[in-house]
Amino acid sequence: MLHVAVDWTTISSLATGFGTLVLAVATFASVRSANRSARLAEQALQEQRRPIFTQSRLDDPVQKIMFVERNWVRASGGGGAAEHVDGNVYLAISLRNVGSGIGVCQGWHVTAGLQSSRIAPTHAPEDQFRLQTRDLYIPAGDVGMWQGALRDRNDSTYQNVPEAIDTREPLSVELLYSDQVGAQRTISRFALIPFETPEGDLNWIATINRHWYLDRAGPRSESQVAAAFEVIQREREAAEELARAEATAAEAAAAADETSGAEADANVPSEVVR
């Protein structure tokens with residue numbers, strides 16, 4: 001009869017090692033799941049605090065805004081203000097926070113002319129932004145305002161802006177803002193476009209152009225924005241080329257009609273002409 005010796009010590013060690021391995025795998029999966037849940041919870045909390053600035057609605061109330069010189073400007077719903085008074089430049093925009101968190105204005109940058117995605121595909125460097133001296137908070141889902149002034153004529157930002165206002169040319173304003181704890185920094189580019197009312201008054205319409213998230217990737221990459229702009233540019237060029245061709249054809253047809261009319265008059269007998 002064959003007797004098999006069993007090394008229970010070895011079997012016990014193998015069983016203990018296997019159990020430890022299973023426990024380690026379970027712990028790793030649990031920790032990984034907990035980390036994923038923590039990241040999702042953090043992202044959800046951030047989205048609850050994220051502000052997003054746009055121009056206010058046209059039916060939002062007019063806002064009266066005062067500067068330190070006691071100069072007042074009026075920013076109507078969906079609009080802003082741009083004034084050049086005694087060498088000083090006063091700017092303001094009526095804003096609406098369409099995000100879910102309180103927004104805090106941190107800084108701003110202004111440029112004469114419209115800054116499109118083709119001319120300026122990225123925002124101005126952060127070190128060129130002028131810091132806000134006032135605490136400008138805009139509640140979630142509510143209206144607020146931004147204001148800024150240029151007074152130093154030797155400042156590079158000052159150049160061309162007064163002339164643009166005097167000649168009624170558009171302005172581009174980039175606002176740097178954050179949530180109420182200073183995180184989730186965002187830059188939004190606005191355009192201030194002048195127009196005259198039927199009564200001859202000068203108003204400024206505010207429009208949003210781009211948003212940049214500085215602390216994380218935005219909803220669209222720069223390559224996607226560039227590709228979209230290229231499509232629009234090609235369509236514009238094709239439409240302009242078609243319009244030029246149609247205008248040339250219309251001019252040629254009009255010239256042909258005049259020539260045929262002149263030839264017909266020349267062939268009419270003199271008795272009939274009299």
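What follows draws every value from the coordinates through simple rules; no lab data is involved. Keep in mind it's a predicted model, so treat the numbers as computed, not measured. All Cβ positions, even for glycine, are placed from backbone atoms using ideal geometry, and neighbour counts span all protein chains on display.
Test of understanding: given the chain, find the longest segment containing no GluC sites (Glu not before Pro) that are in a DSSP loop and have at most 14 other Cβ atoms within 10 Å.
Details: sites that count: GLU69, GLU199.
Between the exposed loop sites, the longest stretch runs 70-198.
Net charge near ALA149, counting Lys/Arg +1 and Asp/Glu -1 over other residues with Cβ under 14 Å of its Cβ? Spell out each step's value before the answer.
On the way: positive: ARG70, ARG130, ARG134, ARG151, ARG153; negative: GLU69, GLU83, ASP86, ASP152, ASP155.
Its environment carries a net charge of 0.
Choose one of LEU21, PHE129, THR197: the residue whose Cα lies farthest towards the positive end of the charge dipole of the chain (beta-carbon charges +1 Lys, Arg; -1 Asp, Glu; about the Cα centre).
Going by the charge dipole, the pick is LEU21.
Relative to the longest principal axis of the chain, what angle (0 to 90°, nearest 10) does the C-alpha long axis of helix 222-267 take?
Value to nearest ten degrees: 20.
Compute the long axis of helix 8-49 from its Cα atoms, compare it with the longest principal axis of the Cα atoms of the chain, and write down the angle in degrees, 0 to 90, nearest 10.
Tilt of helix 8-49: around 30 degrees.
If I model a spin label at GLN180 and ALA227 as a point 7 Å from the Cα along the Cα→Cβ vector, what separation in nanometres do I get?
3.9 nm
Would you kindly derive the ³J(HN,Hα) couplings of the range 90-97 from the backbone phi angles with the Karplus curve 6.51 cos²θ - 1.76 cosθ + 1.60 (θ = phi - 60°), listing them in order in whole Hz, with x for Gly and Pro?
Once θ is set to phi - 60°, the couplings for the range 90-97 become 10, 10, 7, 9, 7, 10, 9, 8 Hz.
Could you compute the net charge surrounding ARG236? Neighbours are other residues with a C-beta less than 13 Å from the C-beta of ARG236; K and R count +1, D and E count -1.
Working: positive: ARG118, ARG234, ARG244; negative: GLU230, GLU235, GLU237, GLU240, GLU241.
So the environment of ARG236 carries a net charge of -2.
Note down the net charge around HIS123, summing +1 for each Lys or Arg and -1 for each Asp or Glu among other residues with Cβ under 9 Å from its Cβ. Provide the component values of the computation, followed by the final result.
Values: positive: ARG189, ARG210; negative: GLU126, GLU174.
Neighbourhood net charge equals 0.
Using helices alone, I'd like the mean residue ellipticity at 222 nm for the chain: each DSSP H run of four-plus residues gives -39500 (n - 2.57), total over residue count, nearest 500. Intermediate results must be reported in sequence, preceding the final value.
Values: 4 runs with 98 residues, N = 274.
That calculation yields -12500 deg cm²/dmol at 222 nm.
Please arrange ASP86, ASP60 by counting, for each residue, the other beta carbons lying within 10 Å of its beta carbon, fewest first. Provide the component values of the computation, followed by the final result.
Values: ASP86 7, ASP60 18.
Final ranking by Cβ density, sparse to dense: ASP86, ASP60.
With +1 assigned to the C-beta of every Lys and Arg and -1 to the C-beta of every Asp and Glu, and no other charges, what is the dipole magnitude of the range 166-257 about the Cα centre in debye, to the nearest 20?
Working: 9 positive and 17 negative charges, 139 e Å.
Here the size comes out at about 660 debye.
Let me know the charge dipole size of the chain about its Cα centre in debye, to the nearest 20, where only the beta-carbon of Lys, Arg (+1) and Asp, Glu (-1) is charged. Mind dumping the intermediate values first?
Values: 25 positive and 36 negative charges, 393 e Å.
The calculation lands at about 1880 debye.
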